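Q: The structure under discussion is supplied below as structure tokens; questions concerning it will follow.
The values are calculated or read from the model by the stated rules, or taken from the named source; none is laboratory data. Bear in mind that the values here come from a model prediction, so they are computed numbers and not experimental data. No Cβ is skipped: glycine too gets one built from the backbone with ideal geometry, and neighbour counts run over all protein chains shown.
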């Protein structure tokens with residue numbers, strides 16, 4: 001089973017800041033990585049797939065990068081509505097596994 | 001607009017059974033693999049099971065293997081999850097999700113339902 005480690009688990013930042021979230025896979029997953037945003041009491045919203053491709057309708061301030069074992073989700077020019085928990089997910093092999101999540105708080 | 005709507009959750013005693021349903025609309029259901037993902041209260045996301053577009057292949061998380069069954073009816077645009085021998089640790093919000101592609105391989109989910117809540121308690 002591929003283990004996904006996200007860091008940090010919590011980040012507090014101001015509107016306009018750039019936030020970087022890291023996801024590390026326990027083995028090479030090529031570019032089979034997705035990112036999701038989840039707000040309280042809501043279903044996860046897809047943001048990024050295959051490490052760097054944006055889902056339709058996702059603001060351009062969200063970007064993904066990386067390959068192999070190390071991946072990054074960058075939120076540029078942070079907005080109040082970006083307050084949420086972000087999860088990564090590997091889609092390289094079954095069982096599909098998720099990172100533990102990163103909670104982004106707006107100061 | 002592509003949508004998924006889950007139903008069938010509820011309160012069940014340990015050892016009991018439940019059948020979850022997911023109704024799809026707005027996309028060609030029969031062309032995509034489908035998944036169940038769950039989230040225990042206050043916890044992260046946990047993949048449960050995946051079924052191929054034609055229903056011929058399924059795979060499960062070890063935590064539910066032998067107890068849960070995933071199935072689909074493409075004539076009804078519906079996905080199902082039969083939960084048997086339920087345990088308190090199965091308590092979670094269960095999401096139905098659509099894979100991005102039709103291929104039989106792990107995939108990102110680009111459509112999520114709102115979830116149906118399962119509580120296992122005596």
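So that you can scan it fast, the table gives a plain yes or no per residue for (1) crowded, with 22+ Cβ neighbours inside 10 Å; (2) touching a residue at least 12 places away in the same chain (Cβ under 8 Å); (3) closer than 25 Å to residue B:103 by Cα:
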residue	(1), (2), (3)
A:8	no, yes, no
A:16	no, yes, no
A:39	no, yes, no
A:48	yes, yes, yes
A:63	no, yes, no
A:69	no, yes, yes
A:79	no, yes, no
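Q: Let me ask something else. Every residue in segment A:74-102 that is more than 8 Å from chain B (Cβ to nearest Cβ) and within 14 Å of residue A:5 (Cα to Cα), please.
A: A:86, A:88, A:102
Q: If residue B:66 satisfies all but one of (1) at the interface with chain A (Cβ under 10 Å from one of its Cβ atoms); (2) assigned to a loop (DSSP other than H, G, I, E, B), what's the number of the condition it fails?
A: Going through (1) at the interface with chain A (Cβ under 10 Å from one of its Cβ atoms); (2) assigned to a loop (DSSP other than H, G, I, E, B) one by one, residue B:66 breaks only (1).
Q: So which residues in segment B:43-62 are in a loop (DSSP other than H, G, I, E, B) and more than 17 Å from residue A:90 (Cβ to Cβ), if there are any at all?
A: B:43, B:52, B:53, B:54, B:55, B:56, B:57
Q: How many residues are surrounded by fewer than 23 Cβ atoms within 10 Å (Cβ to Cβ), within 8 Å of another protein chain (Cβ to nearest Cβ) and part of a loop (DSSP other than H, G, I, E, B) when one looks only at segment B:95-112?
A: So the answer is 2.
Q: Identify all residues within segment B:85-94 that are loosely packed, with under 15 Cβ neighbours inside 10 Å and in a loop (DSSP other than H, G, I, E, B); write none if there are none.
A: Across segment B:85-94, the qualifying residues are B:85, B:87.
Q: To continue, here is another question. Name the one entry in B:15, B:10, B:42 that is modelled with pLDDT under 95, farther than 23 Å from residue B:103 by Cα and either loosely packed, with under 15 Cβ neighbours inside 10 Å or within 14 Å of chain A (Cβ to nearest Cβ) (or both).
A: Answer to the selection: B:42.
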